[in-house]
1. I'd like the full set of residues that are within 14 Å of the ligand (Cβ to nearest atom) and within 19 Å of P192 (Cα to Cα), limited to the stretch 103-135.
2. Looking at R162, is it more than 16 Å from the ligand (Cβ to nearest atom), in contact with a Lys or Arg (Cβ under 9 Å, 6 or more places away or on another chain) and not hydroxyl-bearing (S, T, Y)?
3. Being touching a residue at least 40 places away in the same chain (Cβ under 8 Å), surrounded by fewer than 19 Cβ atoms within 10 Å (Cβ to Cβ) and in a loop (DSSP other than H, G, I, E, B) is the filter; apply it to the stretch 72-102 and report the residue that is farthest from the ligand (Cβ to nearest atom).
4. Where the second residue is part of a helix (DSSP H, G or I) and basic (K, R) and the first is touching a residue at least 24 places away in the same chain (Cβ under 8 Å) and lies in the stretch 227-244, which pairs have Cβ atoms under 6 Å and are six or more apart or on separate chains?
5. Take residues that are on the phi < 0 side of the Ramachandran plot and of a type in the set (S, T, Y) and tell me which of the helices (runs of 4 or more DSSP H) falling wholly in the stretch 211-305 contain 2 or more.
6. Check Y29, Y35 and return the single one that is surrounded by 18 or more Cβ atoms within 10 Å (Cβ to Cβ) and either in contact with a helix residue (DSSP H, G or I) (Cβ under 6 Å, 6 or more places away or on another chain) or not aliphatic (A, V, I, L, M) (or both).
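Every number in this text was worked out from the coordinates using simple rules, so none of it is lab data. For clarity, every value in this text was computed on a predicted model and none was experimentally measured. Every residue, glycine among them, receives a Cβ derived from its backbone with ideal geometry; neighbour counts consider all protein chains shown.
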Amino acid sequence: MKKIAILTSGGDSPGMNPVIRAVVRTCIYHGIKIYGIRFGYDGLIKGDIFEMNVSSVADIIQKGGTILGSARSKEFLTIEGQEKALKNLQDFEIEGLVVLGGDGTFRGANVLSRRGIKTIAIPCTIDNDMGYTDYTIGFFTSVNTVIEAISKLRDTSSSHGRANILEVMGRKCGDIALNSGLAGGAESIIVPEVEFDINKVCNKIICGRKRGKLHHIIVLTEGILSPYELKRQIQEKAKIDTRVTVLGHIQRGGTPSSIDRIIASQMGSVAVKLLLQDKTDLALSFKNNQVEYVPIEEAVSSKKIFNKSMYDIVDELSI
Ligand code: F6P
């Protein structure tokens, strides 16, 4: 294999840049030409492909986002889009591809792999919603951002004796709420994996008040119910003044945390080494403190198991 390309696709995540750096540097170390593709599969369809060198990735290990740009490509879902993408790879004589993203990105990688492009997928999403790996790159940085928000909210929550709702991302996965709720000492967490119970939330607020607790932080995963509807229900049932904060895309940015950089650097290196062994159609995972891999189809079909015992601990510790 003489030429490898890399693209980032889907929602960006802190840690994509350290992966890009590791892929580029590993290729150059092994005498392989490395190409960047701008804005994911859209850029691949347009032929927005350029050669990278050692300096292309200087000073990016600490940067959030992705220097390559990212996109959610609708065109790549069509056969015509896939044909154009394939032709561009063939025109550049690119034999190996590393793709970074979540499950939508992985499905695209699987298509290219079946059409003869050797492809390795690296899990990069803040959601941690992929069942085949313990962690996805970007998740811990995002959790740190949420913890910081919880700490700040707790200050003002105590000052005013209010309940504060913090809506976090996660799509259909409660891991951001669960982990940040545990580490941030939130009183209530609402996740898609556990049935929402307004009485449980309100009883906790009322019990806390009775023993003099002034703050109450509720971490709500997006998409379950509107935070403003939750506020209305709390004010009506618990008679507590309540405020809403929607953290939004702040969770997607920022300098990648140590663990995200450590996983990212190792995965970038392993991806290139697998391509050099002519391996294809694999998704890298981080399990038991090691980088491992499974077929991409297995990665996208593995069911994410919710950590219910961690959820129960949050409940016990937040009395
Ligand atoms: O998948 C990452 C994620 O940030 C989700 O948590 C969120 O639901 C979604 O992307 C937001 O997507 P967009 O950036 O396209 O609004």
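1. D103, T125, I126, D127, N128, D129, M130
2. Here the answer is yes, as R162 does meet what is asked.
3. E93
4. Filtered contacts from the stretch 227-244: T242/K231; V244/K231.
5. Qualifying helices (runs of 4 or more DSSP H): 258-276.
6. Exactly one of Y29, Y35 is surrounded by 18 or more Cβ atoms within 10 Å (Cβ to Cβ) and either in contact with a helix residue (DSSP H, G or I) (Cβ under 6 Å, 6 or more places away or on another chain) or not aliphatic (A, V, I, L, M) (or both), namely Y35.
Listed here are the residues, each with its yes/no results for (1) acidic (D, E); (2) surrounded by 13 or more Cβ atoms within 10 Å (Cβ to Cβ); (3) in contact with an Asp or Glu (Cβ under 9 Å, 6 or more places away or on another chain).
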site: D197; (1), (2), (3): yes, no, no
site: I206; (1), (2), (3): no, yes, no
site: I217; (1), (2), (3): no, yes, yes
site: T221; (1), (2), (3): no, yes, yes
site: E229; (1), (2), (3): yes, no, no
site: R232; (1), (2), (3): no, no, no
